[in-house]
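A short write-up of the structure that comes next.
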Amino acid sequence: MDLGLKGRVAVVTGASKGVGKGVAHSLAAEGVDVVLLARGLEGLQAVARDIAAQFDVQALPLACDVTRHDSVRAAVEEVKAHFPTIHIVVNNAGEAIKRNDREITWGDADWLGQVQIKTLGALRMIREFLPLLARDGTGRILNIAGASGAMAWMPALTYGLNNAALMHMAGYLAADLGKEGIKVNTIVPGVVLTEWREVWAENMAKAEGKTKEQWLSEFCREKGILAGRLARVEEVGDMAAFLASDRGAYVNGAKIALDGGLTVNAR
């Protein structure tokens, strides 16, 4: 299906791997020029080379730390030099859950560190790139949240708080920016089989003396994931491409679950 996106420009955060990389690939496959943002330039350059080899689009890798206003501003200026107008901003930057201790015992700096990258990082991206966003009805802001924003996922306190904030942010900004022709939506994946999750599943399976496939099947049953598998990054990317297109133009302020039935059975 041709989504009619050819020639548009997208800025994607967290684009060096995982969901961000998948979103960038899906948009590039539709003819969208992509600006790839993350803190590590080397990983971004590898993604840019891969995209350029597969698709007839421009792929611009830029090192950017969304926790720093000056870094985001510098990225805006660099993008402006290449693309005076952009059409899509995808807020995907975040960190995987790496600690299992009770977050209610964390210090302020640890809490703020989590909020800085995902919630405030998304707000910085929107605020700074807003002047470049198209006002002709093609402007889109897409927040990639997560099911932990709609359910209790232990031990993800601040992780879930950030995801809930992105959902609220999209609804609020859909109302605020609607008069300018900009649509704002949230994609809410469940558990996605990113590179990090691949290693996580392998380690968990090994610890229990099981194959990765067996362990993942049991994990999905335990969590109530009706699809019986984890999401693929490409599936998140394809949803982003649809919402960015004219075919998704009537979707605004939505929280779209892409979780294989996880939140149906949240418990």
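The values are calculated or read from the model by the stated rules, or taken from the named source; none is laboratory data. Computed from a predicted model, the values in this text were never measured in an experiment. Cβ placement follows ideal geometry from the backbone for every residue including glycine, while neighbour counts extend to all protein chains displayed. Side chains are part of the model used for accessible areas, which takes the heavy atoms of the whole protein and leaves out ligands, DNA and RNA. Shrake-Rupley method; radii C 1.70, N 1.55, O 1.52, S 1.80 Å.
Below, the figures for the structure above:
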item	result
Hits in segment 224-237 (condition: surrounded by fewer than 20 Cβ atoms within 10 Å (Cβ to Cβ) and in contact with a helix residue (DSSP H, G or I) (Cβ under 7 Å, 6 or more places away or on another chain))	Gly224, Leu226, Gly228, Arg229, Glu234
Filter result (over 25 Å from Gly22 (Cβ atoms) and in contact with a strand residue (DSSP E or B) (Cβ under 6 Å, 6 or more places away or on another chain)) within segment 70-108	none
The listed residue being more than 30 Å from Leu112 (Cα to Cα), touching a residue at least 60 places away in the same chain (Cβ under 8 Å), open to solvent by less than 70 Å² (accessible area, probe 1.4 Å) and in a helix (DSSP H, G or I), out of Leu166, Leu216, Leu243	Leu243
Residue tally, condition assigned to a helix (DSSP H, G or I) and either open to solvent by 10 Å² or more (accessible area, probe 1.4 Å) or closer than 14 Å to Gly237 by Cα (or both), over segment 1-47	17
Leading residue by the ranking (surrounded by the most Cβ atoms within 10 Å (Cβ to Cβ)) among those in segment 94-141 that are in a helix (DSSP H, G or I) and of a type in the set (Ser, Thr, Tyr)	Thr119
